[in-house]
1. Stretch GLU120-VAL134 to full length: gain in nm at 0.36 nm per residue minus the Cα-Cα span?
2. Express the relative contact order of the chain as a whole percentage, based on alpha carbon pairs under 8 Å and six or more residues apart in sequence.
3. How far is helix 119-128 tilted off the main Cα axis of the chain, in degrees rounded to 10, range 0 to 90?
4. Which loop-located chymotrypsin sites (Phe, Trp or Tyr not before Pro) does segment 145-187 contain, where loop means any DSSP state but H, G, I, E or B and the Cβ has at most 16 other Cβ atoms within 10 Å?
5. Using a simple charge model, +1 on the beta-carbon of Lys and Arg, -1 on the beta-carbon of Asp and Glu, nothing else, what dipole does the chain show about its Cα centre, in debye to the nearest 20?
6. Expressed as an acute angle from 0 to 90° and rounded to the nearest 10, what is the orientation of the C-alpha long axis of helix 42-52 relative to the principal long axis of the chain?
7. Relative to the Cα centre, what is the charge dipole magnitude of segment 1-128, using +1 at the beta carbon of each Lys and Arg, -1 at the beta carbon of each Asp and Glu, and rounding to the nearest 20 debye?
8. Does segment 1-78 classify as rounded, prolate or oblate by the C-alpha gyration tensor (a ≥ b ≥ c root eigenvalues; a/c under 1.5 gives rounded; else a/b over b/c gives prolate, otherwise oblate)?
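Rule-based calculations on the coordinates, nothing more; no lab input. Please read all numbers here as calculations on a predicted model, not as lab measurements. With ideal geometry, Cβ positions are generated from the backbone for all residues, glycine too; neighbour counts draw on all protein chains shown.
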Amino acid sequence: MASTRAYRNGALVDENFDVEKVSDYLEDPACTVWVDVCAPDAQELHAIAEELSLHALALEDAVTERERPKLDRYETHLFLTMYDADLDTTTGRLETQEVAAFVTKQALVTVRKTERFAIEHVVQRWDASPDLAVHGVSFLLHGLLDHVVDSHFEAVQQLDDAIEGLEDMLFDDVPHDIEVQRRSFQMRKSLVLLRRVVVPMREVVNAIMRRDLKVVDPEMTPYYQDVYDHVLRATDWTESLRDLVTTILETHLTIQGNRLNTIMKKVTSWAAVIAVPTAVTGFYGQNVPYPGFGEPFGFWTSTIVTVLVSTALYLAFRRRDWI
């Protein structure tokens, strides 16, 4: 079922009416209409298209999965595609939900590909600013854009917090090699996906603000400028986080290398210490006569040599922090 609303001079006059009544409301220049459909079939879209004279290519894009965020201009309307973002802070996995929008002079039609897109949050934004509703489609479109861009900004902020936690794990006393590698890889995937939906929004919002399109009322310009500023900040933040994740991976590899060098250094040092008694006892274990062979002082000589040389090696390695 489609969700609908009708505003007259900024006041909400009707909602949840049939799509067939849209054209009746649009006959009044003071009316603005919003229509929302979720995963519509061809018949539902055809009914809306007849009411608003929507272009066939735009209708095709509205039902096509995974369109790139964009703004297309047609003779009677604009067509907009974008994605909101939702980060699972436990796994670091980023989920995106696609929404398409038809923008006419008096109507906004939103087409959600899935119910996971929280359109009720957009409605809450509209209800929270009734004083701006007099600006019609400009007001409705701003609420939609603001919700989408805020979801991008929130996802970037959550990724930033997660990466800070990853940095703390790098220098923990207890190694977390597997966990660091897994989370770093997942965050990098999430950042790549987030960049795909965030970066094109700069062009989308900038194009909507063009005066020749006559979509944004002059009084709404500061609000769109604020949205555009958030888009730029989210874009720059995403780029910096990608570089930071790369740095974390490189640092992790460096730490692993240093840890391996330390272990090898200690193992080699202990092997050198153990080699001394092995060499001395091996020498005295020869089956040929030598000075002290079969005599008590020969045993004591070998024991003293073993202890003195092993102690000297241990102290020398200890002084160099090899043990």
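1. 3.0 nm
2. Once divided by the residue count of the chain, the mean separation gives 14 percent.
3. Rounded to the nearest ten degrees, it is 60.
4. Details: sites: PHE153, PHE171, PHE185; in loops: PHE171.
Taking segment 145-187 and a limit of 16 other Cβ atoms within 10 Å, the loop chymotrypsin sites (Phe, Trp or Tyr not before Pro) found are PHE171.
5. Values: 31 positive and 51 negative charges, 502 e Å.
Around 2400 debye, computed over the chain.
6. 50 degrees
7. Numbers: 13 positive and 26 negative charges, 101 e Å.
The calculated dipole for segment 1-128 is roughly 480 debye.
8. It comes out prolate by the Cα gyration axes.
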